[in-house]
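First the structure, in the form of structure tokens, and then the observations on it.
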Amino acid sequence: MERRLRAAIGRISAVALMGTAGVTAVVLTRQADAAESLNDSDVTANLWEWNWPSIARACTDQLGPAGYGAVQVAPPQESVTLPAGSGGAHPWWEVYQPVSYQIHGRLGTREQFSAMVRSCHTAGVRVYVDAVINHTAGSNNSVSTGYAGSSFDPKGYSYPAVPYSSADFHHKGAECTDEDGRIDAWNDPGEVFNCELSGLSDLKTEKAGVRDKLTGYLNDLIGIGVDGFRVDAAKHLPPADFAPIVAGLHRTTAEAKAPYIAQEVAPGGTGDLALSRYIGNGDVLGFSYAYSLKEHFGNGTLSDLQYLPQWDLGLAGAGTAAMVANHDTERDRSTLSYRDGATYRLASWFMLAFPYGKPFLYDGFVFPAGNTDQSPPADSTGAVTATDCGNGAWQCLTQATATKGMVAWHNATRSVTTVSDFTAPAATVIGFHRGSLGWFGLNASGTASTATYATGLADGTYCDRITGGATAGGCTGTPVTVSGGKATVTIPANSAVAIDGNARSTGTACATVAVTFTATVTTTYGQNVFVLGNQSALSTWATSGGTALSPAAYPVWTGTVSLPANTTVEYKYVKKEGSAVTWESGDNRTFSTGSACTKTLTDTWG
């Protein structure tokens, strides 16, 4: 929160939108239907600024079946709407400027939010909400209307839809002694707690009436079915003020337990701002962990990761919401991000493999390097449009086959909280196992690496989770043979191998082959890449169908399709944009599926 807003508020220049009047009280909904059972996993998919119907689909189709324990969603309350500005219309940080606590905003309505929570629970996935409770929309806004039509007076600190009045905020010359009313001294508790973060109206959380309204907002969400909260700008909430709010929260509807809490507290503070002062109210986001991963993956010193348990990261792993990146750090480049390609994916898989903290996997939207304020894909009113993992506008790491395989590996091994036989054949190649439950190897170099590792596993044939795992009768992923507790493993360049006791091959022959098409293709915005061929699964050359490839690793496009074993296949890649279809030139590509359960093709077009 701190990084993104120090400069953002000063750039606002907007006009007010007309809308319907807001309500002045939080309306409780009926309790959400309790799920039959929720996934036994501490892995969270952070689907940042996805709209509610898209998250519901992701829970049903991807996250639940893959074994994710939770999904983190962006702030759902009504926020300011900014149709113009130097960074473009409707910058992403709108949702971090509340004007009321109605569940109605650019990500959807209260009804859509409730339906999303029910869908996720049905799929076994908890829902954590990004809660903005330190502040409201900035006093220097030039607009006075929110997405649900609520009006507010930014200069007069009046938010009648809550309601808040000027007496509910800290002010320059009173509680805030800084001459400009802003936080300038980031290690001064008086400023950090009582002055404005980039001009955002700072709530007087020491006041019982303010805390009651915040507790009411969070309990409304719990009543809908929310299972926990990521608390935005928690560093600026005195822990003594936040503690009564936490104590006043209801039990969750799905599991009847205290909601999960993860607090955004940037490291570096001492005394009253030390991370240890916040941990009593819940977990803390792992910024130092993310910084360390960037350092070692960036420097190619992966062999040093074996010492991670001894590093001074400010928090014990048990109290850390671990991450490789979030929406702030991918913009200020303080951590790895999707722009780092394979390095980012490898670090995310490592986070799932090495026992430290509760993993939060991040999925946002693609944005130009020169416009870190850019809106997520949205219509002209600012309403965020549906997430499409095939159009190149969204990151979608959480839906990749390898990532879902690593979630399964993490869930299968997490009862063992230490690693054994950490081996580094090279500075950029490592392998280790978690007791007798699973082995993981990672290669961050540009060439394949072959080495022999102690796996801790019983002898047998295991199916690599990265390339597909196990299927009925055999392996979809690459088979790995363990003999005498050891395995000689070839880890492809910039990739990994993960095997565990829940993904073993029975040795039964496969009637079909899971063929992964991997093609390096440069496209223009709006184009998508498909595979067409002479098999029905490839639409028998019909341009209306084919197998859509994912651009998650752009310019590498990937997709997997089941094809008959021992069959000669002809195929070509095409680019589609609306009704326009562009075929690659030259003769048809051909290959034989063979008798193995999996096959990977690596091609380049152009």
Two-decimal ratio, the chain, of alpha-carbon radius of gyration to 2.2 N^0.38 Å: 1.00
Radius 13 Å from Cβ of Leu63, net charge of other residues (Lys, Arg +1; Asp, Glu -1): +1
Euclidean distance of C-alpha centroids, the range 522-541 and the range 405-426, integer Å: 37 Å
Cα-based Rg of the range 259-371 normalised by 2.2 N^0.38 Å, two decimals: 1.06
Volume per residue of the C-alpha convex hull in the range 469-600, rounded to whole Å³: 130 Å³
Overall form of the range 416-500 per C-alpha gyration tensor (a/c, 1.5; a/b vs b/c): oblate
Evaluated over the range 113-271, the Cα radius of gyration and Dmax, each in Å: 16.7, 52
Of the GluC sites (Glu not before Pro) in the range 251-320, those whose Cβ has at most 16 other Cβ within 10 Å and which sit in DSSP loop: Glu255
For Tyr147, residues with placed amide H under 5 Å, excluding near neighbours: Ser79, Thr81
Global geometry of the range 546-606, whether rounded, prolate or oblate, following the gyration tensor of its Cα atoms and the 1.5 cut on a/c: prolate
Residue pairs, from the table Lys575/Lys599; Lys213/Lys358; Lys204/Lys257; Lys404/Lys572, whose Cα atoms sit over 25 Å apart: Lys213/Lys358; Lys204/Lys257; Lys404/Lys572
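Coordinate-derived values only; no laboratory data. Since we're looking at a predicted model, the values are computed, not measured. Positions of Cβ are backbone-derived with ideal geometry, glycine not excepted, and every protein chain shown enters the neighbour counts.
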